[in-house]
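**Student:** I have a structure here, written as structure tokens, and I will follow up with some questions on it.
The values are calculated or read from the model by the stated rules, or taken from the named source; none is laboratory data. Just so it is clear, the structure is predicted and the values come from calculations on it, not from any experiment. Counting neighbours? That spans all protein chains shown, and the Cβs are built from the backbone with ideal geometry, glycine included.
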Amino acid sequence: MKLSFLICLIAFMQVSASSKAQKINLNKKNAPLWETLNDIRQQTGYSILCDPDILGAAKPVTISIKDGSLEDALKICFHNQPLNYVINQKTILITPVKSSAPIADQSTSTIRITGKVTDEQGSLPGASIKLKDSNTGTVSDAKGNYFLNVPDNKGTLVFSCVGYLTQEIPIEGRTTINVQLKVESKGLNQIVVIGYGTVRKKDLTGSVSSIGSTEIKSQPINSFNQALQGKVSGVQITQASNSPGGGITIRVRGGNSISASNDPLYVVDGFPISVPTAANGASGSGASYANPLSTINPNDIESIEVLKDASATAIYGSRGANGVVLVTTRRGRSGQPNIEFESYAGAQEVVKQLKLGNAMDHLNLKNEQLSNLGYALRFGNPDGPYPKPVASYGEGTDWQKEIFRRAPMQSYQLSITGGSDKVRYLVSGNYLNQDGIVIDNNFKRYASRINLDATLSDRIKIGTNLTASRTINNGVSEGLVAGPIYEALTISPASPVYAADGSYQLLNLGPGTGFASTPNPVAMLHTSTNLLTTDRLLGNVFGDFSILEGLRAHISFGADVQNSFRNVFFTPQTLAGSGRNGYGSNGTSENINTLNENTLTYTRKINSDNAFDVLAGITFQSNRMQRTYQEAENFPNYTLGANNLSAATTLDISSSSLEKWGLNSYLARINYRFKDRYLFTVSARADGSSRFGANNKYGFFPSGAFAWRVSDENFLKNSRIISDLKLRVSYGITGNDGIGLYNSLSQYTIGKTVFNDVEVLTNQVSRIESPDLKWEKTAQLDIGFDAGFMNNRITVIGDYYLKKTSGLLLYVDLPATTGATSVLRNIGSVQNKGFELAVSTVNIDQGANGFKWTTAGNVSYNQNKVISLANGVDHYFSGLTIIEVGKPLGSFYGNVFDGIWQTKEEIDAAGPLAQAGSLPGAYRWKDINGDGIYNESSDRKVLGNGLPKFIFGLTNNFSYKGFDFSFFLQGVQGNKIYNNYTTLIDAQYNHLKSYYADHWTATNPSNSAGAIRQWVLPAVSDFAIEDGSFVRLKTVTLGYQLPGFTKAIRRARVYVSVQNLLTFTNYKGYDPEVNGDFNSNTQYGVDNFNYPPSRIYILGLSITL
């Protein structure tokens, strides 16, 4: 019979020192044997090892036992059964009655193979070893050793164990085969990547969230940080630009800083990477909107862990305050080569087009404005400059239709993995080509990866991770008055794309219209260049050395080299280049980041109750960035554009820079486990940074954590409801070294002046020395729990956190005698507090081929507050927002819209409450301070915040036989958006269709929009603020696992997917997920006419050979 001895665990293994003494209580009648064994497992913690098929032939069990022993219970269960059992260590081995040991079909004329099965912790007993495509098999003994007789030396051994990944290793004439199995990424034995190591999920004391490759690949993305959106609690991700390769804002548990960096630290395969700014481009090129992380191929990633609390992040010291994102790429596995091909192709379309006025609407509006101001009509007036009847313009140009398109995208990924017990490899290549939904916009990525692992001996292992990529981003300009989105929304629909002579219409309809000088967006996109090319080489080599039993050394050397080049050119066919006879620039950025890490890890189990591991290390990291930039105009020809700036007659700008920084660090961590249920972690790091002032070169960052596995206590171990419960608490201090490179040093500015009629150079102090400058410090308390119910069909993870960041970098005014106006000091503090909740459920599970339905959801709440600012200052302004003690960052601050003045009598009666010059149809504003006088400066208040109160995500997965279906919902609640389009109330711009119908006239006394005159709105007001809450059906996917139709193709799956299918929101703009000032720490939720999202339809295929 079949003897593929698998470990048949109905739930997770739970082993404790007290299991053997555990008393058993059972009362069952005619119960299935597997059900009874599951009860025994739950009460004792013992594992069950068997062939699943033989349990189906077992007889029902009737048992009534109270406070009995394990042996007594098993004797009753196996009485008169066609099965035998053997207790080995903490495992119950079950075999057919004809076989006394888990070995079968051992031929007399055979080859004997011996070996040892281990995992990362050491020997692995109870692992199954089987000759592939045969009935010959065995299991490893208590020390992990095994032997197996096989008929010849040409077969393949299959190694498997519950909770571990299966490996296939060709025999290839060998008689000794040792293998190390890797833990499968699920359950309490899941291995979670943490800083400088790994830990079992059940032993984790910090707050760490993880997603795997399946979730990463569930939607088409061009940057791995997009995969975290809505999938990880406590992490807010906002797409600053929806263009392919566009920028992203990420905040882990809120923003900690006002002036320093708020971005998390990214660590790829142990390398803390830098995220340098791309090469500069000419004004209006949108250079800041590129995403530097799009150079890393998401298809190569095995898992992403987000470290959130101080216990997890303190090991990264002065760079851990904003959270740490650990990226682990895929690696090779022993066995025959595994070839995977993945491809998808799709089409994209703009999710939403705004309903704008047509040509007749706009021209009539301009005439109405002129009439209101006492001027003659300009359009349709036989005596005016544009006598053509307004009606003859008709609908005019639909500028949104002109710039948006249905855009294709395609991706191809080929990866090969395999190896032996000595060498394992992964080789992959990827090509992504994504056109943007805006014409002439495109993103391409070419990426390759080689990951190697080699075992030189029992004590020495070496390896390498190496990825090379090139991205080509043919971008578009974004932002206020600088991009095609702004232009398409504001240019007059009466203006044609092409002039009568066939050239592009440059002026907005023509001269003397009174319209804004809005560029022709089609001409801008078709004839200008905005190309960013980035080359990246990221890799390291490492060695692991087993010095003594339990003592290992790890040494690695790595480098991250990024070179980017930006080419920008505006021809005279664009408004930007027409008056300059061509205008262009090119910029370069060369960034080299090197790293050496050296760590020692000692692991020891003292006895059954006490175990610990110790980590100590020293690291050296340095970075060098060199940049150049040139800008010129007036070109004799435009064939080479900005590739030949020397041809221009006017060189406007030529600059270069060189920046360096270094970081030397010492780190340590101790994990101690008592009785496998009382878990202690202490970590510390000392960072010496060139960024810090002379008096504070080194910072120390400690943390401590404790976790109690309550479910392993005797009083809860037998619970049928609570299958897992762990309580956690941690506290620690981390830092933020994103304070600039040279802010602690004095700075001088070289200039020119005239002295005695002679031009001379001057040297002037622009910044004085600040030797006490140091990192911003974040202290964080985290209290959390991990719980599982009903055999972990329901899992819940909850955390409450309180973070206080002190020593914020703020400028302090200086007396004029110092020669400088201000100096940067560590002063001020900000607080973030909130809670996170993540829930996963197995709703229905009918086995491998039955119906299965799982759900995973998370919700996060964060409250931000400014605690203190510079001495004697309780607030200051930052763009549209106010930074005020007691208020959250990102608070819009301005005047409150109070409707429209309807009559002259109403205005006269209001007196000073009405602005000077108000007429019927004028905008009305509230008297906030109640003094009876409206004043724009004194009558302001907080109008809302660009940061949401809640963020959430919900995923449902369904499978039945070969079919799978999933959908993902994501959203935010409680945030506001500042819609800059709403502030354009003049007739020189086109407007939403609703504005034409709703604005005030004598016959339409509207109270929502004023008369069309030349009103000036306050600098900031709630007239432009809208609710930014939304719920989005982010991804819907339907797949089918094709049945095997050839021996060569082991697995094949086809799927269709739709992204951004539905969005439920009250926001009037393109999309509520917007952050136009994504580099700002104080201004969130500003819609600067940013690139809108696309709805994506995908057809994909994955094949495994």
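**Student:** Does R669 satisfy the condition of being under 28 Å from the mean Cα position of the chain (by Cα) and either within 25 Å of N591 (Cβ to Cβ) or not hydroxyl-bearing (S, T, Y) (or both)? Quick ask: steps written out before the conclusion?
**Tutor:** On the way: under 28 Å from the mean Cα position of the chain (by Cα): yes; either within 25 Å of N591 (Cβ to Cβ) or not hydroxyl-bearing (S, T, Y) (or both): yes.
Taking the combined requirement at face value, the residue satisfies it.
**Student:** I've got another one for you. So is A500 at pLDDT 95 or above and either closer than 27 Å to N979 by Cβ or out of contact with any Phe, Trp or Tyr (no Cβ under 9 Å at 6 or more places or on another chain) (or both) or not? Spell out how you get there, then give the answer.
**Tutor:** Values: at pLDDT 95 or above: no; either closer than 27 Å to N979 by Cβ or out of contact with any Phe, Trp or Tyr (no Cβ under 9 Å at 6 or more places or on another chain) (or both): yes.
In short, no.
**Student:** Also, quick follow-up: Among the residues of segment 630-644, is there at least one that is within 30 Å of K660 (Cβ to Cβ) and not in a strand (DSSP E or B)?
**Tutor:** Initially, segment 630-644 is screened for residues within 30 Å of K660 (Cβ to Cβ), giving 630-632, 642-643.
If we keep only those that are not in a strand (DSSP E or B) too, we end up with 642-643.
Looking for residues that are within 30 Å of K660 (Cβ to Cβ) and not in a strand (DSSP E or B), one finds at least one in segment 630-644, hence yes.
**Student:** For segment 551-588, how many residues are more than 22 Å from A648 (Cβ to Cβ) and not aliphatic (A, V, I, L, M)?
**Tutor:** Taking segment 551-588 as the starting set, the residues that turn out to be more than 22 Å from A648 (Cβ to Cβ) are 551-564.
Next cut, not aliphatic (A, V, I, L, M) only: 552, 554, 556-558, 560, 562-564.
Result for segment 551-588: 9.
**Student:** When segment 920-932 is examined, which residues are found to be assigned to a strand (DSSP E or B), touching a strand residue (DSSP E or B) at 6+ places or on another chain (Cβ under 6 Å) and closer than 19 Å to F892 by Cβ? Step through it out loud before you land on a result.
**Tutor:** Residues of segment 920-932 assigned to a strand (DSSP E or B): 923-925.
Filter again for touching a strand residue (DSSP E or B) at 6+ places or on another chain (Cβ under 6 Å), leaving 924-925.
W925 - this is the single residue of segment 920-932 that is assigned to a strand (DSSP E or B), touching a strand residue (DSSP E or B) at 6+ places or on another chain (Cβ under 6 Å) and closer than 19 Å to F892 by Cβ.
**Student:** Could you list, in sequence order, the residues of segment 649-673 that are among the aliphatic types (A, V, I, L, M) and within 18 Å of T599 (Cα to Cα)?
**Tutor:** Of all residues in segment 649-673, those among the aliphatic types (A, V, I, L, M) come to 651, 653, 658, 663, 667-668, 670.
Selection gives L663, L667, A668, I670.
**Student:** Sticking with this one: All but one of (1) of a type outside the set (S, T, Y); (2) under 30 Å from L1105 (Cα atoms); (3) free of Cβ contacts under 8 Å to residues at least 60 places away in the same chain; (4) crowded, with 16+ Cβ neighbours inside 10 Å hold for I1049; state the number of the condition that does not hold.
**Tutor:** Only one criterion is unmet by I1049, namely (4).
**Student:** Then there's this: Could you please find all residues in segment 843-871 being more than 30 Å from L943 (Cα to Cα) and crowded, with 16+ Cβ neighbours inside 10 Å? Write out each step before concluding.
**Tutor:** Filtering segment 843-871 down to residues more than 30 Å from L943 (Cα to Cα) leaves 843-857.
Hits for segment 843-871 are K852, W853, T854, A856, G857.
**Student:** Here is a further query. Identify, by number, the condition in (1) surrounded by fewer than 21 Cβ atoms within 10 Å (Cβ to Cβ); (2) at pLDDT 85 or above; (3) within 25 Å of N718 (Cα to Cα) that T91 doesn't meet.
**Tutor:** Answer for T91: the failing condition is (2).
**Student:** Go through segment 1005-1032 residue by residue and tally those that are in contact (Cβ under 8 Å) with a residue 24 or more places away in the chain and over 24 Å from Y1084 (Cβ atoms).
**Tutor:** So the answer is 11.
**Student:** Sticking with this one: Scan segment 457-510 residue by residue and report those that are farther than 18 Å from Q988 by Cβ, of a type in the set (G, A, S) and not in a loop (DSSP other than H, G, I, E, B).
**Tutor:** Passing the criteria: G463, A468, S469.
**Student:** Still on this structure: Closer than 30 Å to D1087 by Cβ, of a type in the set (S, T, Y) and crowded, with 17+ Cβ neighbours inside 10 Å: does that describe S840?
**Tutor:** On the way: closer than 30 Å to D1087 by Cβ: no; of a type in the set (S, T, Y): yes; crowded, with 17+ Cβ neighbours inside 10 Å: yes.
Criteria not met by S840.
**Student:** Answer yes if at least one residue in segment 204-215 is in contact (Cβ under 8 Å) with a residue 40 or more places away in the chain, assigned to a helix (DSSP H, G or I) and crowded, with 22+ Cβ neighbours inside 10 Å, and no otherwise.
**Tutor:** Within segment 204-215 (the criterion being in contact (Cβ under 8 Å) with a residue 40 or more places away in the chain, assigned to a helix (DSSP H, G or I) and crowded, with 22+ Cβ neighbours inside 10 Å), the answer is no, since none of the residues qualifies.
**Student:** Condition first: within 51 Å of the chain's Cα centre (by Cα), acidic (D, E), at pLDDT 70 or above and within 27 Å of Q190 (Cβ to Cβ). Can you find one or more residues in segment 42-62 that meet it? Explain how you work it out, then say what you get.
**Tutor:** So the first thing to find is which residues in segment 42-62 are within 51 Å of the chain's Cα centre (by Cα), and the list is 42-58.
With acidic (D, E) added as a condition, the list becomes 51, 53.
Now restrict to residues that are at pLDDT 70 or above: none.
No, the conditions are met nowhere in segment 42-62.
**Student:** Can you tell me which residue is modelled with the lowest pLDDT among those in segment 221-230 that are in a loop (DSSP other than H, G, I, E, B), within 14 Å of I296 (Cα to Cα) and not hydroxyl-bearing (S, T, Y)?
**Tutor:** Keep residues of segment 221-230 that are in a loop (DSSP other than H, G, I, E, B), which gives 221-223, 229-230.
Those left that are additionally within 14 Å of I296 (Cα to Cα): 221-223.
Cutting the leftovers down to not hydroxyl-bearing (S, T, Y) gives us 221-222.
Values: I221: 80, N222: 77.
Once the filter is applied, the top-ranked residue is N222.
**Student:** So which residues in segment 674-688 are touching a helix residue (DSSP H, G or I) at 6+ places or on another chain (Cβ under 9 Å), more than 18 Å from T599 (Cα to Cα) and at pLDDT 95 or above?
**Tutor:** L679
**Student:** Would you point out the residue of segment 984-1035, among those that are surrounded by fewer than 16 Cβ atoms within 10 Å (Cβ to Cβ) and β-branched (V, I, T), that is nearest to the chain's Cα centre (by Cα)?
**Tutor:** Residue satisfying both the conditions and the ranking: V1016.
**Student:** Okay, moving on. Just to be sure before I move on: is G195 surrounded by fewer than 19 Cβ atoms within 10 Å (Cβ to Cβ), of a type in the set (G, A, S) and at pLDDT 85 or above in the structure I sent? Break it down stepwise before answering.
**Tutor:** Working: surrounded by fewer than 19 Cβ atoms within 10 Å (Cβ to Cβ): no; of a type in the set (G, A, S): yes; at pLDDT 85 or above: yes.
No; evaluated as a whole, the condition is false for this residue.
**Student:** Of all residues in segment 710-724, count the ones that are in contact (Cβ under 8 Å) with a residue 24 or more places away in the chain and not in a helix (DSSP H, G or I).
**Tutor:** The total comes to 7.
**Student:** Still on this model: Report, by residue number, each residue of segment 390-404 that is assigned to a helix (DSSP H, G or I), of a type in the set (S, T, N, Q) and over 19 Å from K352 (Cβ atoms).
**Tutor:** Just the residues of segment 390-404 that are assigned to a helix (DSSP H, G or I), to begin with: 390-393, 399-403.
Next cut, of a type in the set (S, T, N, Q) only: 392, 400.
S392, the sole residue that qualifies.
**Student:** Given the structure, is Y1040 aromatic (F, W, Y) and surrounded by 20 or more Cβ atoms within 10 Å (Cβ to Cβ)? Please lay out each step first, then the result.
**Tutor:** Numbers: aromatic (F, W, Y): yes; surrounded by 20 or more Cβ atoms within 10 Å (Cβ to Cβ): no.
Criteria not met by Y1040.
**Student:** Tell me, yes or no, whether segment 408-430 has at least one residue that is at positive phi and either touching a helix residue (DSSP H, G or I) at 6+ places or on another chain (Cβ under 9 Å) or assigned to a loop (DSSP other than H, G, I, E, B) (or both).
**Tutor:** no
**Student:** Yes or no: A694 of a type in the set (A, V, I, L, M) and either closer than 26 Å to Q747 by Cα or part of a loop (DSSP other than H, G, I, E, B) (or both)? Full working, then the answer.
**Tutor:** On the way: of a type in the set (A, V, I, L, M): yes; either closer than 26 Å to Q747 by Cα or part of a loop (DSSP other than H, G, I, E, B) (or both): yes.
Criteria met by A694.
Conditions (1) in a strand (DSSP E or B); (2) surrounded by 15 or more Cβ atoms within 10 Å (Cβ to Cβ), marked per residue:
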| site | (1), (2) |
| --- | --- |
| V873 | no, yes |
| F892 | yes, yes |
| D908 | no, no |
| Y934 | no, yes |
| S937 | no, no |
| L943 | yes, yes |
| L947 | no, yes |
| S959 | yes, yes |
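**Student:** Filter segment 511-538 down to the residues that are touching an Asp or Glu at 6+ places or on another chain (Cβ under 8 Å) and outside any loop (DSSP other than H, G, I, E, B) and list them by number.
**Tutor:** P521, V522, M524, L525, H526, R536, L537, L538
**Student:** Against the conditions (1) without any contact (Cβ under 8 Å) to a residue 40 or more places away in the chain; (2) closer than 30 Å to L363 by Cβ; (3) under 35 Å from the mean Cα position of the chain (by Cα), where does F570 fall short? Just the number, please.
**Tutor:** (1)
**Student:** Right, here's the next one. Going by the conditions given, is R825 of a type in the set (K, R), farther than 24 Å from K308 by Cβ and crowded, with 17+ Cβ neighbours inside 10 Å?
**Tutor:** Details: of a type in the set (K, R): yes; farther than 24 Å from K308 by Cβ: yes; crowded, with 17+ Cβ neighbours inside 10 Å: yes.
When the stated conditions are applied, R825 passes them.
**Student:** Another question, then. Of everything in segment 110-133 that's surrounded by 15 or more Cβ atoms within 10 Å (Cβ to Cβ) and outside any strand (DSSP E or B), which residue is modelled with the lowest pLDDT? If you could, list the steps in order and put the result at the bottom.
**Tutor:** To start, the set of residues in segment 110-133 that are surrounded by 15 or more Cβ atoms within 10 Å (Cβ to Cβ) comprises 111, 113, 115-119, 123-132.
Those left that are additionally outside any strand (DSSP E or B): 124-127, 132.
Numbers: L124: 78, P125: 75, G126: 72, A127: 79, K132: 83.
Here the answer is G126.
**Student:** Can you spot a residue in segment 431-452 that is at pLDDT below 95 and surrounded by fewer than 17 Cβ atoms within 10 Å (Cβ to Cβ)?
**Tutor:** Within segment 431-452, none of the residues are at pLDDT below 95 and surrounded by fewer than 17 Cβ atoms within 10 Å (Cβ to Cβ).
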